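Worksheet: the structure to be examined is printed underneath.
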Amino acid sequence: MNKERKLIIAGNWKMNKTAAEALALVNGLKLELANVKEADIVVCPPFTALEAVSKAVLDSNLRLGAQNMSEHNFGAYTGEVCAGMLKEFSVRYVILGHSERRQYQKEPDALIASKAKAVHGAALKPIVCVGETLAEREGNRTEAVLEKQLRGSLAGLSADLAVETIIAYEPVWAIGTGKTATTQQAQSAHAFIRGVLAQLFEDATARKIRIQYGGSVKANNAKELMSQPDVDGALVGGASLEVRSFADIIKNSI
Ligand code: PGA
């Protein structure tokens, strides 16, 4: 598939996989995906598996991501993990503001913006998640919610750093539910997001920013989703936990 922007497909393993299980998964992916050059492939294991997975991806085309990061660089923040600790394991990407963290840890947009600043400060790339709930969609508030999340989470970002940022559009009602947004719903949200990015930065910058779709992406719907002009990749949860399903998503997307 010939796209304006290089596809980026990331697996968000969430709170799954011990280090040993993670190693088995990543070794399987390495074998299956060794020849893929058309897409950036990222795996995001839990913190406890980063070390094992980082060694395994060292000589491969797979890149490593983390699922969260502190906005602070060091200090008395019990249970938190900072950029320097992630860089030790060659982490390149950090998922920020996932809807599960927005919901369960009550992460507000301003905190996500601080974290994005810290991620860029360490020359890592944030994957900033936005998305509406079912009630918001049914109340015709999707665009207002997306615009508020984007403006808040990207506050203070320069255009130079904006192009090093990945946005993930993840409708909350589609995450882990088996309900995928239709290709039209995805494309229309992505086009809207790109429009907001053009307002925040400028057109040329907005055209360079990659926007992933996330929410029940599977091998059988990946191709159609990726064929949309403003869909530049996927953030995959459940289907990234097995070699076959994640590898098939990538092969069907390119
Ligand atoms: P899902 O999760 O693919 O299991 O719906 C996506 C995500 O939360 O990133």
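The values are calculated or read from the model by the stated rules, or taken from the named source; none is laboratory data. Everything numeric in this text was worked out from a predicted model, so none of it was measured. Neighbour counts are summed over all protein chains in view; Cβ atoms, including those assigned to glycine, are modelled from backbone coordinates with ideal geometry. Quick note on the areas: whole protein, heavy atoms, side chains included, nothing else; ligands and nucleic acids left out. Shrake-Rupley method; radii C 1.70, N 1.55, O 1.52, S 1.80 Å.
Looking only at segment 198-243, which residues are part of a loop (DSSP other than H, G, I, E, B) and among the acidic types (Asp, Glu)?
The answer is Glu202, Asp230, Asp232, Glu242.
Quickly run through segment 98-107 and pick out the residues that are open to solvent by less than 70 Å² (accessible area, probe 1.4 Å) and away from the ligand (no atom under 14 Å from the Cβ). First the steps, then the outcome.
Within segment 98-107, the subset open to solvent by less than 70 Å² (accessible area, probe 1.4 Å) is 98-102, 107.
Result: Glu107, single match.
Kindly provide the set of residues from segment 133-190 that are loosely packed, with under 14 Cβ neighbours inside 10 Å and more than 16 Å from the ligand (Cβ to nearest atom), ordered by number.
Ala135, Glu138, Gly139, Asn140, Ala144, Gly156, Ser158, Asp160, Gln184, listed by residue number.
Of all residues in segment 216-238, count the ones that are within 14 Å of the ligand (Cβ to nearest atom) and either open to solvent by 10 Å² or more (accessible area, probe 1.4 Å) or modelled with pLDDT under 95 (or both).
Total meeting the criteria: 7.
Could you tell me whether any residue of segment 220-235 is closer than 21 Å to Leu96 by Cα and free of Cβ contacts under 8 Å to residues at least 40 places away in the same chain?
No, because not a single residue in segment 220-235 is closer than 21 Å to Leu96 by Cα and free of Cβ contacts under 8 Å to residues at least 40 places away in the same chain.
What is the residue count in segment 33-56 for residues that are open to solvent by 60 Å² or more (accessible area, probe 1.4 Å) and either touching a residue at least 40 places away in the same chain (Cβ under 8 Å) or aromatic (Phe, Trp, Tyr) (or both)?
2
Kindly indicate which of Glu164, Glu143 is out of contact with any Pro (no Cβ under 6 Å at 6 or more places or on another chain), part of a loop (DSSP other than H, G, I, E, B) and of a type in the set (D, E, K, R). Please lay out each step first, then the result.
Values: Glu143 fails: part of a loop (DSSP other than H, G, I, E, B).
So the residue among Glu164, Glu143 that is out of contact with any Pro (no Cβ under 6 Å at 6 or more places or on another chain), part of a loop (DSSP other than H, G, I, E, B) and of a type in the set (D, E, K, R) is Glu164.
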